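Engineer: One structure is given below, represented as structure tokens, and several questions about it will come after.
The values are calculated or read from the model by the stated rules, or taken from the named source; none is laboratory data. Everything numeric in this text was worked out from a predicted model, so none of it was measured. Reconstructed Cβ throughout: ideal geometry from the backbone, glycine too, with neighbour counts over all protein chains shown. Surface areas here come from the heavy atoms of the whole protein model, side chains and all, with no ligands, DNA or RNA. Shrake-Rupley method; radii C 1.70, N 1.55, O 1.52, S 1.80 Å.
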Amino acid sequence: MPVRARGLTIEGADGRRYLDCLSGAGSLALGHNHPVVLEAIRGVLDSGAPLHVLDLATPVKDAFTSELFATLPRGLADSARIQFCGPAGTDAVEAALKLVRTATGREGLLAFSGAYHGMTAGALAVSGGAHSARVTRLPYPQDYRCPFGTGGEQGARLAARWTETLLDDPKSGVRTPAGMIVEPVQGEGGVIPAPDGWLRRMREITADRDIPFIADEIQTGVGRTGAFWAVEHSGVVPDVMVLS
């Protein structure tokens with residue numbers, strides 16, 4: 001039973017100290033009780049600022065938005081808008097799915113085997129293991145359990161080719177979808193990083209066919225992969241980013 005925590009360590013009620021390898025499922029990107037985070041929280045509390053204003057703008061929200069936009073890939077930040085901020089990643093995924101469906105007027109979605117995007121209806125439907133008539137499941141390249149039995153660059157090339165075939169073959173049964181959602185590094189699927197070349201190819205395939213590309217950075221953003229956003233490793237600029 002944890003009672004205190006700082007940085008990478010947690011102290012239990014029994015007095016023992018533990019290394020925290022979970023970090024709130026990735027939500028504590030700077031660790032427990034980081035002094036910069038605590039100072040920012042105290043500053044807001046001590047200022048007397050309103051703590052809940054629904055959707056109204058506040059100086060704190062404006063500052064947050066400005067800082068956030070300064071970190072985004074330039075090709076996205078130049079024309080980006082914030083859909084909304086919600087209490088959980090699954091809410092953000094739902095907003096992204098609604099957004100691309102509204103923007104395109106289409107219904108279907110492309111998602112990947114092994115994916116995890118949340119536990120509400122839409123987010124669960126695009127997660128691995130779920131069954132949805134509106135979601136087409138695509139192979140996610142990996143070495144350990146390569147769906148084509150090859151692994152490496154060859155497996156990634158085959159996965160990309162499979163995606164192209166489904167989209168371009170009029171008899172595949174897959175109509176042009178509203179969007180593709182992908183984790184730059186699959187989390188619940190086994191902590192599997194997408195090959196940079198494959199991720200760039202997915203971006204090319206979707207851009208060539210006017211399919212919005214959604215990067216789910218809920219578990220990978222804010223420095224968790226070494227770059228501030230995981231898509232920076234490949235240079236991919238998505239149409240929608242889902243953040244936490």
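Engineer: Pick from M119, M180, M202: which residue has the top mean-square fluctuation in a GNM of the chain where Cα pairs under 10 Å get a spring?
Structural biologist: Maximum among the listed residues: M119.
Engineer: Round to a whole number: what % of the accessible area of the stretch 109-239 belongs to carbon and sulfur, probe 1.4 Å? Walk me through the numbers on the way to the answer.
Structural biologist: Numbers: 3180 of 6160 Å².
With neighbouring chains kept in place, the figure for the stretch 109-239 is 52 percent.
Engineer: Please give the Cα centre distance for the stretch 5-78 versus the stretch 158-217, rounded to the nearest Å.
Structural biologist: 32
Engineer: Determine the dipole magnitude for the chain: charges of +1 sit on the beta-carbon of Lys and Arg, -1 on that of Asp and Glu, nothing else is charged, the reference point is the Cα centre, and the result goes in debye to the nearest 20.
Structural biologist: Dipole about the Cα centre, nearest 20: 380 debye.
Engineer: Rounding to the nearest 10 and keeping the result within 0 to 90°, find how far the Cα-based axis of helix 196-208 lies from the longest principal axis of the chain.
Structural biologist: Helix 196-208 and the main axis of the chain meet at about 70 degrees.
Engineer: Rank T176, A194, A207 by how far each Cα sits towards the positive end of the charge dipole of the stretch 158-210 (+1 on Lys, Arg Cβ; -1 on Asp, Glu Cβ) and give me just the farthest.
Structural biologist: T176
Engineer: Mean-square fluctuation check for the chain, GNM, Cα pairs under 10 Å: which of V185, V37, V174 is largest?
Structural biologist: V37
Engineer: Shifting gears a bit: How many Å³ per residue does the convex hull of the Cα positions in the stretch 77-229 occupy?
Structural biologist: Convex hull volume per residue, Cα atoms: 122 Å³.
Engineer: Now for a separate question. How big is the antiparallel share of DSSP beta bridges in the chain, given as a percent to the nearest 5?
Structural biologist: 45
Engineer: List every residue whose amide H lies under 5 Å from the amide H of V185, counting only residues 5 or more places away in sequence or on a different chain, with H placed 1.01 Å from N in the peptide plane.
Structural biologist: The answer is A194.
Engineer: Leaving ligands, DNA and RNA out of it, report the carbon-plus-sulfur percent of the accessible area of the stretch 6-61 at a 1.4 Å probe.
Structural biologist: Summing carbon and sulfur atoms, their accessible area is 64 percent of the total for the stretch 6-61.
Engineer: Shifting gears a bit: Using only alpha carbon pairs under 8 Å that are at least six residues apart, calculate the relative contact order of the chain and give it in whole percent. Mind showing how you got there, number by number?
Structural biologist: Numbers: 356 pairs, mean separation 38.3, N = 244.
It rounds to 16 percent for the chain.
Engineer: A further question on this structure: How high is the relative contact order of the stretch 77-196, in percent, counting Cα pairs under 8 Å that sit 6 or more residues apart?
Structural biologist: Averaging sequence separation for qualifying contacts and normalising by length gives 26 percent for the stretch 77-196.
Engineer: What is the helix-to-structure angle for 35-47, meaning the angle in degrees between its Cα long axis and the longest Cα principal axis of the chain, kept from 0 to 90 and rounded to the nearest 10?
Structural biologist: 70
Engineer: Top mean-square fluctuation among P35, P177, P59, Gaussian network model of the chain, C-alpha springs under 10 Å?
Structural biologist: P59
Engineer: Would you compute, from DSSP H runs of 4+ residues alone, the mean residue ellipticity of the chain at 222 nm, taking -39500 (n - 2.57) per run and dividing by the full residue count, rounded to the nearest 500?
Structural biologist: Working: 7 runs with 81 residues, N = 244.
Value at 222 nm, helices only: -10000 deg cm²/dmol.
Engineer: A further question on this structure: To the nearest 10 degrees, how steeply does helix 89-104 sit against the main Cα axis of the chain, on a 0 to 90 scale?
Structural biologist: 40
Engineer: Can you give the accessible area per residue of the stretch 9-103, in Å², using a 1.4 Å probe?
Structural biologist: Working: 6750 Å² over 95 residues.
Spelled out: the 1.4 Å probe surface of the stretch 9-103, per residue, equals 71 Å².
Engineer: Another question about this same structure. Taking the Cα centre of the stretch 9-128 as origin and charging only Cβ (+1 Lys, Arg; -1 Asp, Glu), how large is the dipole, in debye to the nearest 20?
Structural biologist: Using Cβ point charges on Lys, Arg, Asp and Glu, the stretch 9-128 gives about 320 debye.
Engineer: Then there's this: If you roll a 1.4 Å probe over the heavy atoms of the protein chains, what accessible area per residue do you get for the stretch 112-244, in Å²?
Structural biologist: Value for the stretch 112-244: 48 Å² per residue.
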